[in-house]
1. In degrees from 0 to 90, rounded to the nearest 10, what is the angle of the helix 87-106 Cα long axis to the longest principal axis of the chain?
2. Kindly flag which residue pairs out of Lys11/Lys48; Lys36/Lys68; Lys68/Lys105; Lys11/Lys35; Lys3/Lys36; Lys20/Lys45 have an alpha-carbon separation exceeding 32 Å in this structure.
3. Using only Cα atoms, find the angle between the long axis of helix 67-81 and the longest principal axis of the chain, and express it within 0 to 90 degrees, rounded to the nearest 10.
4. Between 0 and 90 degrees, rounded to the nearest ten: what's the tilt of helix 47-63 against the longest Cα principal axis of the chain?
5. Please list, in order, the residues from the stretch 62-80 whose amide nitrogen is less than 17 Å from a point placed 7 Å along the Cα→Cβ vector of Lys11.
6. Could you give the alpha-carbon Rg of the chain over 2.2 N^0.38 Å, rounded to two decimals?
7. Just order 85-94, 11-20 by mean Cβ neighbour count inside 10 Å, highest at the front, would you?
8. If each DSSP helix of 4+ residues adds -39,500 (n - 2.57) and the sum is divided by the residues in the chain, what number results at 222 nm, nearest 500 deg cm²/dmol?
Amino acid sequence: MEKPNLDYIEKLARGDESIKNTLLEVIKSEFPDEKKAYLNSIKKKDFKEIEDNVHRIKHKFSILGLEKSYNNANDFEKNLREHNLDTMQKEHFDQTLLDISLFLKTI
């Protein structure tokens, strides 16, 4: 299973620690609120809101080197448009959220 990493962020920063730190701070500040909004939309079973939240969050997946998870999130988002809450995709998405939460605590 893929794990979050900083490879893409380091590539974007090109060795500039201030850029790297700025990008990390943005992710660290936005991610918890986005995760909470997603979980709330799941509780409400509001497909449009879930879709919007998945759309916002999935970009963090690619920034943190989670390309397979990004692709899964993309498929999950498409299914949500059709009011299909695919259990496997949701479980994968939720596990990725957990992995990112744990990763952000270590950096």
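Bear in mind these aren't lab numbers, they're just calculated from the coordinates by the rules spelled out. In this text the structure is predicted, and so the values were computed from the model without any measurement. Because the Cβ atoms are built from the backbone with ideal geometry, glycine has one as well, and the counts that use them run over all protein chains shown.
1. 30 degrees
2. Pairs exceeding the cut-off: Lys11/Lys48; Lys20/Lys45.
3. Helix 67-81 sits roughly 30 degrees off the main axis of the chain.
4. That works out to roughly 20 degrees.
5. 62-71
6. Working it through for the chain, the quotient is 1.08.
7. On the way: 85-94: 15.0, 11-20: 11.4.
So the order, starting with the most tightly packed, is 85-94, 11-20.
8. Details: 5 runs with 87 residues, N = 107.
That calculation yields -27500 deg cm²/dmol at 222 nm.
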